[in-house]
Amino acid sequence: MADPAADHVNTPEEELEVEANYKPPPEKTIEQILEADKEDESLRKYKETLLGEAKAGAIVVEPDDPRKVIVKKLALCVTDRPDMELDLTGDLTQLKKQSFVIKEGVSYKIRIDFIVQREIVHGLKYVQKTYRLGVPVDRMTHMVGSYPPKSEIQSYTTPSEDAPAGVMARGSYTVNSLFTDDDKHEHLKWEWSFDIKKDWKE
């Protein structure tokens with residue numbers, strides 16, 4: 001949703017080059033992580049602290065859902081305003097029927113709420129492509145990180161972005177969002193929309 005000329009926008013060639021040069025580490029289970037270097041007492045305690053309740057065994061928050069990552073919610077966060085939220089647990093096709101209204105030029109963050117269960121997830125990424133009238137105008141890729149399973153919801157918040165401003169920037173935008181990881185597992189893919197307007201109540 002940022003200005004197309006913003007610094008974080010890379011060319012497809014640059015993005016492919018970065019991805020081609022990056023080799024994710026081999027995936028390890030909780031048991032393998034705890035077993036490695038177990039003779040080092042301080043390292044063992046550090047890893048147990050890091051993994052928290054996961055060391056006690058597989059944490060399963062939603063037994064009927066086989067996924068390791070369950071994305072619950074996307075929120076647009078603007079200082080001094082209520083969060084604008086998308087429920088990602090229902091029919092995702094309905095999300096396109098509702099649209100956020102964003103005041104032009106405002107600074108915002110995106111928060112993703114998710115559950116990690118069963119195993120550690122390595123190298124989570126949030127990828128967002130923004131379109132206007134079918135033409136791509138912005139792409140963001142945020143490295144979310146690696147997360148152990150936990151019984152409570154975990155969150156990632158992007159750095160601040162500035163919404164486009166000016167008469168030419170106003171209008172409707174469509175966003176394709178993807179929550180993925182180093183192994184290219186698509187944990188959730190969804191489409192949503194927003195309108196840039198001169199003011200919040202226009």
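The values are calculated or read from the model by the stated rules, or taken from the named source; none is laboratory data. It should be emphasised that the depicted structure is a prediction, and the values quoted were computed from it without experimental measurement. Counting neighbours? That spans all protein chains shown, and the Cβs are built from the backbone with ideal geometry, glycine included.
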Report task. Output the number of residues of the stretch 109-123 satisfying the condition of being in contact (Cβ under 8 Å) with a residue 60 or more places away in the chain and not charged (D, E, K, R). Result -> 6
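I'd like the residue in the stretch 159-188 that is in a strand (DSSP E or B) and free of Cβ contacts under 8 Å to residues at least 60 places away in the same chain and, out of all such residues, is surrounded by the most Cβ atoms within 10 Å (Cβ to Cβ).
Per the stated criteria, the residue is 180.
For every residue, the table says whether it meets (1) in contact with a strand residue (DSSP E or B) (Cβ under 9 Å, 6 or more places away or on another chain); (2) charged (D, E, K, R); (3) at pLDDT 60 or above; (4) closer than 25 Å to residue 161 by Cα.
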site	(1), (2), (3), (4)
8	yes, no, no, yes
33	no, no, no, no
39	no, yes, yes, no
49	no, no, no, no
53	no, yes, no, no
57	no, no, no, no
Query raised in the report: Which residues, taken from the stretch 135-158, are farther than 24 Å from residue 92 by Cβ, among the hydroxyl-bearing types (Ser, Thr, Tyr) and in a loop (DSSP other than H, G, I, E, B)?
Result: 151
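Residues checked against (1) modelled with pLDDT under 90; (2) buried (at least 18 other Cβ atoms within 10 Å of the Cβ); (3) not in a strand (DSSP E or B):
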| position | (1), (2), (3) |
| --- | --- |
| 89 | no, no, yes |
| 95 | yes, yes, yes |
| 115 | no, yes, no |
| 122 | yes, no, no |
| 128 | no, yes, no |
